[in-house]
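Single-structure report; data block below.
Nothing in this text is a laboratory measurement; each read-out follows from the coordinates by a stated rule. Owing to the predicted nature of the structure, the values given are computational and were not obtained by experimental measurement. All Cβ positions, even for glycine, are placed from backbone atoms using ideal geometry, and neighbour counts span all protein chains on display.
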Amino acid sequence: MKYKVTLNGKTYEVEVEKGKAILLDEYEALAPAPAAAPVAAAHAAPAAAPAPAAPVNLAAGETVSAPMPGNILRIDVNQGDTVKEGQILVILEAMKMENEIVAPKDGTVAQIVTSKGAVVDTGSPLVIIA
């Protein structure tokens, strides 16, 4: 079987037979031609800027933040719950792995900032512990 493989801007043509691979040819890969820029309408109005997201008012206390970007699969606490250091607060899915986000200290859940199914970035507040 013959295969063409492009790697780091070079294309390799390889033939593979019963466990042996033979390099047939090597050449520079051709970049696709750039698409023509769309012609702007002469009387087009400028696009409106998106409205900024409403700021979230956080309760006083220690903020437990997302250590990495991901999806919130589960929230194991409710507002007002008493938690112990190391107790699981939230399950965050990142790169097909379920990560346990735990309480950094004993306290009471003052506010849950996120929700199940939410997509969060690194540093996004998840839970506030007072």
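Structure values in brief
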| read-out | value |
| --- | --- |
| L73/K18 FRET efficiency (R0 35 Å; Cβ-Cβ; nearest 0.05) | 0.15 |
| Descending semi-axes in whole angstrom, ellipsoid equivalent of segment 62-130, from the Cα gyration tensor | 19, 11, 10 |
| Estimated distance in nm for a label pair at K10 and M95, the labels positioned 7 Å out from Cα along Cα-to-Cβ | 2.9 nm |
| Vicinal HN-Hα couplings computed from phi for segment 85-98 (Karplus, 6.51 cos²θ - 1.76 cosθ + 1.60; Hz; Gly/Pro x) | 4, x, 6, 5, 9, 9, 9, 10, 8, 9, 6, 6, 10, 8 |
| 5 angstrom amide H check on M68, placed H, neighbours 5+ away | G123 |
